[in-house]
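The values are calculated or read from the model by the stated rules, or taken from the named source; none is laboratory data. Given the structure is predicted, the values throughout are model-derived calculations rather than measurements. With ideal geometry, Cβ positions are generated from the backbone for all residues, glycine too; neighbour counts draw on all protein chains shown.
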């Protein structure tokens, strides 16, 4: 059950998501009860994503337009602008269902953090084989280095109570690797985490920002490995145990 009358802030970073963004926003407002705000942080998409968001008439829909690019920095900006007691992160490509986000939010009466997971009961990863193998390898390495508390360290699909920021900072650097550091810091701080299974499928159209080429995919994987080593060897000194 959603904690009390908590306001929810859903933060969606976008870059060239004109094929998906309207459907996602409509789905969120249809699936998640008010009070809720949706914050779209658009990194100067040349395909007109921002214009489509501006054309929607939801009072609690906000658009932040930036000239820079970067997933972690977009989420960081969204958090600074948000007003909710509960914060959610999700991709704009419709691979993360709004109904599952509502389920994540409902777990926050007993947990401080809820993660949409491909690797627990009820979850599956149905993308192209290369992406599945890459994600499983990253998660195996993360569990080996950081502990087996979490099955899906690179999910990126999450809802959490704002109070988490009393003890944990959110890095503004990196791509999906920011999530591994954030979850590791949440564990170190002593927060309770619940993983909720969901089925992830490839995006319906467009190109994944994390796999535009094989070389790019390998470079991104290396960045994940470096980030895991970094947070294990030099943990964030700003994290304070509860």
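Some observations on this one:
- Failed criterion for residue 136 (all others in (1) in contact (Cβ under 8 Å) with a residue 24 or more places away in the chain; (2) surrounded by fewer than 18 Cβ atoms within 10 Å (Cβ to Cβ) hold): (1)
- Residue 2 meets all of the listed conditions (1) surrounded by fewer than 19 Cβ atoms within 10 Å (Cβ to Cβ); (2) assigned to a strand (DSSP E or B) but one, namely (2).
- Checking 75, 52, 80 one by one, the residue that is under 21 Å from residue 173 (Cβ atoms), without any contact (Cβ under 8 Å) to a residue 40 or more places away in the chain and part of a helix (DSSP H, G or I) is 80 and no other.
- Of everything in the stretch 190-242 that is in contact with a strand residue (DSSP E or B) (Cβ under 9 Å, 6 or more places away or on another chain), loosely packed, with under 15 Cβ neighbours inside 10 Å and part of a loop (DSSP other than H, G, I, E, B), the residue that is modelled with the lowest pLDDT is 202.
- Odd one out for residue 57 among (1) at pLDDT 95 or above; (2) surrounded by fewer than 20 Cβ atoms within 10 Å (Cβ to Cβ); (3) closer than 15 Å to residue 37 by Cα: (1)
- The stretch 87-99, residues that are touching a helix residue (DSSP H, G or I) at 6+ places or on another chain (Cβ under 7 Å), surrounded by fewer than 24 Cβ atoms within 10 Å (Cβ to Cβ) and in a loop (DSSP other than H, G, I, E, B): 94
- Whichever residue in the stretch 157-185 is modelled with pLDDT of 95 or more and outside any helix (DSSP H, G or I) and, among such residues, is surrounded by the fewest Cβ atoms within 10 Å (Cβ to Cβ): 161
- Subset of the stretch 121-132 [more than 17 Å from the chain's Cα centre (by Cα) and assigned to a loop (DSSP other than H, G, I, E, B)]: 121, 122, 127, 128
- Residue in the stretch 100-111 that is more than 21 Å from residue 12 (Cα to Cα), at pLDDT 95 or above and surrounded by 17 or more Cβ atoms within 10 Å (Cβ to Cβ) present: yes
- Within the stretch 55-72, tally of residues that are assigned to a helix (DSSP H, G or I) and out of contact with any strand residue (DSSP E or B) (no Cβ under 6 Å at 6 or more places or on another chain): 1
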